[in-house]
Amino acid sequence: VRLYELDDKLLKNVWMVVRVDGKGFHKFTTDHKFEKPNDLAALNLMNDAAKGVMSELQDIFMAYGQSDEYSFIFKRSSTLYGRRSSKIISTVCSMFTSHYLFNWNKHFKDPLIYPPSFDARVVLYPTVRDVRNYFSWRQADCHINNLYNTCFWELVQKGNLSTKEAEKRLNGTFSSDKNEILFSEFGINYNDLSEIYRKGSTIIWNENKSEDGRMRKVLRLLTCDIIGDSYWDDHASCLDTFVTE
């Protein structure tokens, strides 16, 4: 019977990135009355769920999240589940969902109306440049979406436009146009907004000395630029693991 199972082992010596995405989260966030354009409690809940996954799967050396998504990158040397795609995807997705549910009451007073769900995929990246391009893409997406959403909800909540009117107002605008609307009409300098909204959340492993003098791995949350060289120069050792077999 097992002969019918698909051999879905992923290539060795490449980085595995699993991205988890909220399914139907536009409706979920509306039904659960998330604050617009950003709900800090919701983002912190996503961060706690990601930390839960990384605590259980320590082959993950970095995670990046924004909005309703989180990306997890595994060490090149990882042999988790024999690098079987289906096992890795299903495990990361189910763990993330479980930790999201487990931590809900920590961040929200109101109970869940119905459970959230997430989907996931895995993509392989063979070079450091490919890895950097992936995370640059996700952080650029965070900025683009947040700038639009911030402008959109200011027009709706303070500019008294309907959602359709706000969409029409922003149609065809560039980033500079949105920044001008925020500053001239609402007195908001976009660059003054919290970095967690503009740049998303990055989680890495750090080694800290404990009270007994031993070095222990702990998870650290960052809200920094991961497009430029500085971040990657500081964490280059994470990308230097090879499969030697």
Could you please give the count of residues in region 43-60 that are at pLDDT 95 or above and either surrounded by fewer than 19 Cβ atoms within 10 Å (Cβ to Cβ) or not in a helix (DSSP H, G or I) (or both)? 9
Within region 94-150, considering residues that are farther than 29 Å from residue 31 by Cα and of a type in the set (Phe, Trp, Tyr), the one nearest to the chain's Cα centre (by Cα): 135
Count - residues of region 1-25 that are over 29 Å from residue 75 (Cβ atoms) and at pLDDT below 95: 3
Pairs needed: first member in region 1-30, without any contact (Cβ under 8 Å) to a residue 60 or more places away in the chain; second member anywhere, of a type in the set (Ser, Thr, Tyr); C-beta distance under 7 Å; at least 6 residues apart or different chains. none
Residue count, region 167-218, condition within 30 Å of residue 231 (Cβ to Cβ) and part of a helix (DSSP H, G or I), comes to 16
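Which one is farthest from residue 98 (Cα to Cα), of the residues in region 1-42 that are in a helix (DSSP H, G or I) and open to solvent by 30 Å² or more (accessible area, probe 1.4 Å)?
Here the residue is 3.
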Please specify each residue of region 67-119 satisfying the condition of being in contact (Cβ under 8 Å) with a residue 40 or more places away in the chain, small (Gly, Ala, Ser), under 24 Å from residue 39 (Cα atoms) and open to solvent by 30 Å² or more (accessible area, probe 1.4 Å). 67, 98, 117
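The values are calculated or read from the model by the stated rules, or taken from the named source; none is laboratory data. Model, not experiment: these values are computed from the prediction. Glycine gets a Cβ as well: all are built from the backbone with ideal geometry, and neighbour counts include every protein chain shown. Please note that ligands, DNA and RNA were not included when accessible areas were found on the heavy atoms of the full protein model with its side chains. Shrake-Rupley method; radii C 1.70, N 1.55, O 1.52, S 1.80 Å.
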